[in-house]
Amino acid sequence: MALSNFLFAQCICYFLAFLFSFIVVVPLSENGNDFHGRCLLFTEGMWLNANLTVERQRFTVQEWGPEAACRFSIFTGLLSLLLATVQAWRTLFFLCKGHEDSFFYAFLNLLISAFVVFITFIASTIVSVGFNMWCDAITEKGSMPNSCEEFQDIDLELNLENSAFYDQFAVAQFGLWAAWLTWLGITILAFLKVYHNYRQEDLLDSLIHEKELLLGRSSSRSSLQDEKSGMI
């Protein structure tokens with residue numbers, strides 16, 4: 001019963017990780033298409049007058065953010081999505097069949113989960129910090145009359161589609177941090193599983209050792225009895 005509850009909890013966590021990873025990959029991919037491959041994370045820019053005679057300002061990008069930042073975030077979402085799918089199917093299979101992982105596979109699962117926690121935390125930090133830098137650039141750190149969210153309804157005249165960038169990255173940020181928390185829970189469960197298997201291995205070794213001692217004592221007693229009967 002305890003094993004079934006443990007596997008069920010793992011299965012639920014993997015399903016949540018799949019769901020959160022999905023809502024990371026989709027908006028980030030859409031934003032990449034809308035911005036024609038450019039990455040708005042860590043982008044630097046400023047508002048300048050369109051020309052000397054007109055006071056209308058236009059946002060000018062000084063330097064687009066590194067494409068590696070967006071690609072790494074999408075890669076992290078895809079990796080989390082793939083691993084969550086495989087592990088959810090595997091855990092569901094064990095739950096239905098009543099099987100249990102060996103100590104080696106439980107330890108390997110712990111290492112994989114810890115790795116995903118690490119890279120998901122990095123990707124979440126990159127997206128959060130990089131998107132805040134973009135918002136600071138287009139709002140001039142809050143000095144503009146419009147908020148970062150309101151600027152997605154304004155054509156920035158950058159020859160790209162910017163009508164949904166705020167919603168896309170708001171959803172992606174939520175998905176990444178939620179996925180990080182979910183994988184952290186998965187890692188804790190994996191550690192408990194390794195610890196449980198380790199205790200079972202110790203208990204099994206102790207039982208085997210006690211059995212050998214008992215067998216040794218019984219054999220020595222029988223040999224003594226044989227010697228006594230021989231002397232009689």
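Rounded to the nearest 10 Å², what accessible area does Leu78 have for a 1.4 Å probe in the complete protein model?
We get 90 Å² for Leu78.
Charges at C-beta only: +1 for Lys and Arg, -1 for Asp and Glu. How large is the resulting dipole of the stretch 1-159 about its Cα centre, in Debye rounded to 20?
Details: 7 positive and 15 negative charges, 138 e Å.
With Lys and Arg at +1 and Asp and Glu at -1, about 660 debye.
If Leu41, Leu82 are ordered by their accessible area, calculated over protein heavy atoms with a 1.4 Å probe, which sequence runs from highest to lowest?
Correct descending sequence by accessible area is Leu82, Leu41.
Return the ratio Rg/(2.2 N^0.38 Å) for the stretch 67-181, where Rg is computed over Cα atoms only.
Compactness ratio reported: 1.45.
Under a crude label model (7 Å from the Cα following the beta-carbon direction), how far is Ile112 from Asp167 in nanometres?
Going by the 7 Å Cα→Cβ label model, 3.6 nm.
When the solvent-accessible surface of protein heavy atoms is calculated with a 1.4 angstrom probe, in what order do His36, His196 fall, highest first?
Order by accessible area, largest first: His36, His196.
Measuring from centroid to centroid over Cα atoms, what is the spacing of the stretch 110-158 and the stretch 1-51 in Å?
So the separation of the two Cα centres works out to 12 Å.
Would you check the accessible area of Ser21, probe 1.4 Å, heavy atoms only, in square angstrom rounded to 10?
For Ser21, the solvent-accessible surface is approximately 0 Å².
Can you give the relative contact order of the stretch 10-99 as a percent, counting alpha carbon pairs under 8 Å and 6+ residues apart?
40
The values are calculated or read from the model by the stated rules, or taken from the named source; none is laboratory data. This is a predicted model, so every value here is computed, not measured. With ideal geometry, Cβ positions are generated from the backbone for all residues, glycine too; neighbour counts draw on all protein chains shown. The protein model used for the area step is the full one, side chains on, heavy atoms only, and it has no ligands, DNA or RNA in it. Shrake-Rupley method; radii C 1.70, N 1.55, O 1.52, S 1.80 Å.
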